[in-house]
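Here's the structure we're looking at; comments come further down.
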Amino acid sequence: MKNEMRRDIRTFALTMTGLGSIIGSGWLFGSWKAASVAGPAAIYSWILGMIIILFIGLTFAELGAMFPASGGMVRYGQFSHGSLVGFISGWANWIAIVSVIPVEAVASTQYLSSWNFKWAHQLYNGSELTFPGLIIAAFLVIVYFLLNYFTVSLFARVNSTITIFKFIIPVIVIVGIMYTGFNTHNFIAPEHGGFMPNGWSGVLTAVATSGIVFAFNGFQSPINLAGEAKKPGRSIPIAVISSILIAGVIYVLLQITFLGGVTEGMLKSGWSHLNLSSPFADLAMALGLNWLVLLLFADAFVSPSGTGITYTATTARMIYGMERNGFFPPIFGQVNSKVGVPRAAMWFNLVVSYIFLFLFRGWGSLASVISVATLISYVTGPVCVMVFRQFGDNIKHPLQIKGMHIIAPIAFIAASLIYYWATWPLTGKVTFIIIIGLPLYFYYQVKDHFKGFAKDFKAGIWLIAYLLFMIMISWIGSSKFGGLNIIPFGYDFLVIATFGFVFYLWGIKSGWLTEHLKQGNKAASEKLSSQH
């Protein structure tokens, strides 16, 4: 065994990893879910979601270039503020990402249930997978596991090939449906509420709860694989930015295609009652495009499976990163010397994936939870990047994105707004999921005799206060987002933006030159030097 990752992944493979993670089950289900919440105005939801994720992604792209460490997304908070912030952000991010693995397997099986065979119809009961469906999904999870278990290079080759296929199929779907049965009346139909049947609140809620944030989550994958990139300072920002933009264009075009392809029969009860088990396949069937139906059924395995394969790789690196933070046993930091893969971490994630698989058996039941959990880790990125900048020459800065002083606060406030748009009581439930992990944090604090705890706790008070504030504002906020309407629609945004900026500044002021940061900076400097 050894404890260092191999640096074998090039820019193209990293970009394909990001794009492959983003284009998973999100494109198969996201357009339908967004349309059911926002109607035709779901187009705005995708554009807004892409812009917000791009701002957030830019902060993490700079961090990934600065600290090319495997599992980087769970380590930046530890570097900037110590153990408490590091644990909360890392735990939230890991919970959100590891649960994607079974969700992708569920998505493939759910599409399979629309096949015109009696046995296929028995896999899904309309809301969740049946026992036979769970068996198929469990088999897919183990396939994802095995493709990552033996080598990093096999993962990169398989993922790049799958991603190319995943890119082609959505394009064929867009062209096929637009050419055959595109109805522009759907976008303005007064009998269905016009272009924006649920107003702006519907547009904003769709960003948080319809799988849009979930669909873009894959931009993290190149960052979590930064420790294995040949030239992270160049590769990470290219991979992150290009994968978000390319996927964003595809998602917007798919949403337009879906809206125009829905038949009058499907819309008879309005957008909010649009209930499809295999959305694009159902449209293709209704339009008589049998060849496209076959392609979609094939891609329903390939797209989610490609994402499942990628996330199996990146979640293992996240456990590796959390072990480096001191929150998991040393065995999870061991990397197999022959293949360069953290196998113990992979086994642990496999067990957790099966737990999620049997707890959440339908795609829609977990997508919004995953999105909101990820937002808790997203808010640390804009703060961390500015903390590191204030240390000047004490930190190596291979990449400094222009305008970060503007980008970072916008990213923080935007992530806070999405958190709020997810509606009460979901915000409270997700925060409870994060709290479940705190006993593990305190176990390691006790084991370490609370060494440095006081300073780390003081540096993390801002994040605790921020989470409590978000729960409160969600509870008393606008009724359009599930609140008590004590703070009405419009004013709630102003309150969040104002207090969000205060928490952002507080977070930056709380940062300090931690021992983890010194070690991470030293390791990053050595890696960057080895490239020249």
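At-a-glance table
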read-out	value
Flag if L513 is in contact (Cβ under 8 Å) with a residue 40 or more places away in the chain and within 23 Å of I370 (Cα to Cα)	no
Condition check for V106: at pLDDT 85 or above and either crowded, with 23+ Cβ neighbours inside 10 Å or over 23 Å from the mean Cα position of the chain (by Cα) (or both)	yes
Filtered residues of the stretch 114-142 (kept if at negative phi, of a type outside the set (A, V, I, L, M, F, W, C) and open to solvent by 10 Å² or more (accessible area, probe 1.4 Å))	S114, N116, K118, H121, Q122, Y124, N125, S127, E128, T130, P132
Restricting the stretch 178-194 to residues that are closer than 19 Å to I250 by Cβ and surrounded by 14 or more Cβ atoms within 10 Å (Cβ to Cβ), the residue that is modelled with the highest pLDDT	M178
Close pairs (6 angstrom Cβ cut-off, 6 or more residues apart or separate chains): under 21 Å from I244 (Cβ atoms) in the stretch 34-54, open to solvent by 10 Å² or more (accessible area, probe 1.4 Å) and assigned to a helix (DSSP H, G or I) anywhere	W46/V252; I52/A414
Number of positions in the stretch 468-489 that are assigned to a helix (DSSP H, G or I) and either of a type in the set (D, E, K, R) or free of Cβ contacts under 8 Å to residues at least 60 places away in the same chain (or both)	11
Residue count for the stretch 253-282, restricted to those that are outside any helix (DSSP H, G or I) and either touching an Asp or Glu at 6+ places or on another chain (Cβ under 8 Å) or small (G, A, S) (or both)	7
Positions within the stretch 280-332 being more than 30 Å from S377 (Cα to Cα) and either charged (D, E, K, R) or surrounded by 24 or more Cβ atoms within 10 Å (Cβ to Cβ) (or both), in sequence order	F280, A281, D282, L283, A284, L296, D299
Matching entry among A454, A465, A415, A408 (being farther than 20 Å from I370 by Cβ, assigned to a helix (DSSP H, G or I) and open to solvent by less than 10 Å² (accessible area, probe 1.4 Å))	A408
Filter result (among the β-branched types (V, I, T) and in contact with a Phe, Trp or Tyr (Cβ under 9 Å, 6 or more places away or on another chain)) within the stretch 102-141	V103, V106, T109, T130, V141
Qualifying residue in the stretch 22-41 (condition: over 25 Å from S272 (Cα atoms), open to solvent by 10 Å² or more (accessible area, probe 1.4 Å) and assigned to a helix (DSSP H, G or I))	no
All positions within the stretch 418-449 that are under 30 Å from W200 (Cα atoms), outside any helix (DSSP H, G or I) and free of Cβ contacts under 8 Å to residues at least 60 places away in the same chain	W424, P425
Meets criteria (open to solvent by less than 60 Å² (accessible area, probe 1.4 Å) and at pLDDT below 95) for S525	yes
Candidates G90, G82, G77 - the one that is touching a Gly at 6+ places or on another chain (Cβ under 6 Å) and closer than 24 Å to Y504 by Cα	G77
The lone exception for I434 - which of (1) of a type in the set (A, V, I, L, M); (2) under 16 Å from I88 (Cα atoms); (3) open to solvent by 80 Å² or more (accessible area, probe 1.4 Å) it fails	(3)
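Conditions tested, residue by residue: (1) farther than 22 Å from S242 by Cβ; (2) open to solvent by 30 Å² or more (accessible area, probe 1.4 Å); (3) charged (D, E, K, R); (4) assigned to a helix (DSSP H, G or I).
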residue: T161; (1), (2), (3), (4): no, yes, no, yes
residue: F165; (1), (2), (3), (4): no, yes, no, yes
residue: P170; (1), (2), (3), (4): no, no, no, yes
residue: G176; (1), (2), (3), (4): yes, no, no, yes
residue: M196; (1), (2), (3), (4): yes, yes, no, no
residue: S201; (1), (2), (3), (4): yes, no, no, yes
residue: A206; (1), (2), (3), (4): yes, no, no, yes
residue: N217; (1), (2), (3), (4): no, no, no, yes
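The values are calculated or read from the model by the stated rules, or taken from the named source; none is laboratory data. Given the structure is predicted, the values throughout are model-derived calculations rather than measurements. For neighbour counting, all protein chains shown are included, and Cβ atoms are generated from backbone atoms with ideal geometry for every residue, glycine included. We work out accessible area using only protein heavy atoms, side chains counted, and drop any ligands, DNA or RNA first. Shrake-Rupley method; radii C 1.70, N 1.55, O 1.52, S 1.80 Å.
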